[in-house]
1. Residue 76 versus residue 468, label points 7 Å from Cα toward the beta carbon: distance in nm?
2. Suppose each label sits 7 Å from its Cα in the direction of the beta carbon; what would the residue 359-residue 737 distance come out to in nanometres?
3. Round to the nearest 0.05 the FRET efficiency obtained for residue 416 and residue 586 when R0 = 56 Å and r is the Cβ-Cβ distance.
4. Residues in region 311-342 near a label at residue 425, defined as backbone nitrogen under 20 Å from the 7 Å Cα→Cβ point?
5. Helix-only mean residue ellipticity at 222 nm, the chain, DSSP H runs n ≥ 4 weighted -39,500 (n - 2.57), per residue, nearest 500. What is it?
6. Once each part is reduced to its C-alpha centroid, what is the distance from region 211-250 to region 47-112 in angstrom?
7. Of 28, 747, how do they rank once you tally other Cβ atoms within 10 Å and put the fewest first?
8. Using 0.36 nm per residue, how much length does the chain from residue 100 to residue 724 gain when fully extended, once their Cα-Cα distance is taken away?
């Protein structure tokens with residue numbers, strides 16, 4: 001029996017024996033809720049101690065419903081201590097435990113602490129919880145004029161590729177969540193979503209490389225959860241934010257949001273207008289063998305992309321019964337996108353003599369329409385935390401893409417030789433339906449979580465190209481096509497959670513069945529995928545003492561190809577370079593392991609190992625015409641990646657704190673060569689240092705530096721780059737008005753540079769984007785605390 005099969009076998013045996021195992025001595029549990037007069041309190045700290053032995057000290061936290069739970073307690077007398085930010089500390093009298101008990105706690109608001117919280121409490125920049133690395137950005141001064149995509153790049157281990165694709169630890173196989181809801185957007189659609197979201201709405205970003213079985217198995221590099229700012233307080237509130245920023249051009253972000261919270265009803269609505277823009281000045285080159293002659297192509301390009309991003313959200317939750325709650329969520333946006341690409345291509349012969357010059361102008365208009373509706377229902381079975389939830393979602397995504405590529409050809413003397421015009425029309429329609437139900441059942445000896453999910457996706461994409469012939473545009477049959485794709489995924493999972501004093505064990509199993517088929521009409525090509533896979537997971541956390549803990553976890557993951565990567569349509573940069581999908585892609589499977597050691601939840605050290613097969617990434621090849629470069633996704637074989645990370649805070653003085661983070665990694669996988677394959681491997685380093693200054697009169701200053709060494713990115717090896725950011729924040733009018741100014745990439749040094757590592761194509765690029773952006777924003781808040789939106793998306797939406 002192989003090592004993996006042995007691990008899987010004993011994982012299953014352990015999962016099913018947990019409920020019946022236990023100590024022989026009689027043991028009891030204490031469960032309860034922590035609340036104030038107005039609302040249940042999540043994330044409150046609860047400590048239980050023996051009255052006669054204070055060395056017995058067990059700590060936990062309340063969940064999102066304000067519930068806490070202790071089990072496997074011996075018969076004795078205990079005291080319960082509860083603390084929560086903004087409330088007075090609570091300590092109980094003696095509680096005699098000779099049976100299972102329910103002990104609710106009501107905390108009183110601490111007015112003095114509330115007045116001082118902004119200056120006396122500092123949120124750690126990096127934290128760890130159950131193996132997750134948490135990056136707190138809520139109080140960052142670097143968010144004005146920034147989008148969620150800009151902020152994501154500042155997260156350790158996350159980089160952006162040449163086309164802004166999000167890469168986590170060298171792989172694009174990630175799953176992005178919003179407020180704990182799976183959001184498997186990929187490629188350009190994920191980039192569009194993140195560009196339309198202001199960084200000032202983000203509370204924290206969580207990174208998990210080995211998620212548990214209750215989450216979808218997609219995302220072999222891990223899961224990134226973006227958590228928006230939110231409050232649980234009752235009342236009403238309105239937030240108004242106005243911001244401007246200046247990069248190559250002026251940009252703006254205007255937002256208004258309002259909420260009403262009562263004990264039984266929550267309403268939330270928001271409208272956001274954002275105009276993110278990207279300007280890039282690029283250089284690239286490659287050589288090709290055309291009819292036996294070596295030709296070198298040198299490109300000079302500039303890209304300007306503009307968006308008018310209109311986002312609207314509405315949420316309603318109604319607790320019509322103490323045990324029953326229903327909710328409705330609508331999230332929609334219009335991304336009115338347009339872009340222009342100008343490329344100058346010089347052709348040189350083997351004697352380095354100019355042969356011709358080609359000017360290509362590509363204008364694009366691509367409006368994206370997105371509408372998503374979700375209905376959810378929750379049933380609380382009892383006060384011990386047993387609950388059942390159900391959710392159904394329908395999403396419609398429409399993309400209307402029109403473009404015109406004009407190619408002017410000049411001779412080596414600058415004489416005009418001719419012109420080619422190519423129109424493109426590429427509408428795409430995606431419909432998603434998904435439904436799931438989950439149950440959480442805490443028992444005396446073990447907590448069980450289980451659930452079911454079904455999702456169905458249909459994708460219909462026509463792409464037509466017309467060329468100008470004899471004064472009329474005529475359809476180019478060899479380029480035009482019609483691609484259809486349908487995918488159905490059914491899943492079932494079970495997770496068992498058990499506590500042994502200072503040890504927490506969570507073991508789970510997820511079963512997913514995928515049935516998918518893609519059909520390319522013109523070539524009558526049908527690709528069918530049907531497979532059933534098991535995805536086990538295990539997480540063990542051991543608290544050595546109050547200040548030291550260790551977490552070990554592993555899980556099996558899958559990275560399904562995105563719909564765009566499967567679509568064989570061609571997206572032209574110019575006449576000699578285009579992107580195309582690959583309908584022959586197969587899913588990537590990986591085993592991921594992580595070991596984390598934390599001291600005081602501040603000094604965090606971790607080791608990670610990822611071993612996958614059918615690694616998906618970009619490759620380059622020469623088109624059938626013998627001169628154009630085709631960039632497409634492909635399966636690279638087996639990939640191994642090792643990571644060592646360290647997060648170290650340094651407190652220099654009362655007003656000056658420094659946070660340092662480093663990720664040392666090694667990646668290895670095969671890449672194609674003319675004669676077989678070679679193993680491509682590389683050591684890489686990512687380093688971050690943030691300096692935070694807390695000054696009198698509510699001033700905060702942040703100075704951050706980022707360094708990225710060379711990294712293996714599919715067929716490419718990138719070159720080192722880095723940047724420095726600056727931000728300052730001032731609170732006024734009793735902290736209702738916040739003014740924030742920031743400068744991203746002060747010296748405009750961040751760039752994208754890479755060279756292919758195969759002898760098939762010697763392509764290299766040097767893209768310099770205008771990343772120095774000055775941002776100023778004003779936010780005014782009045783009324784009660786506003787509960788921010790929790791945008792909910794499904795895995796299928798995130799892979800649009």
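Laboratory data are not the source of any read-out in this text; all were calculated from the coordinates shown. Just so it is clear, the structure is predicted and the values come from calculations on it, not from any experiment. Note that each Cβ is placed from the backbone with ideal geometry, even for glycine, and that neighbours are counted across all protein chains shown.
1. Taking the two extended label points, one gets 8.6 nm.
2. Reported label-point gap for residue 359 and residue 737 is 5.1 nm.
3. Efficiency for this residue pair is about 0.75.
4. Output list for this probe position: 337-339.
5. Using -39500 (n - 2.57) per qualifying helix, the result is -1500 deg cm²/dmol.
6. 32
7. Fewest-to-most ranking of 28, 747: 747, 28.
8. Full extension from residue 100 to residue 724 adds 219.0 nm.
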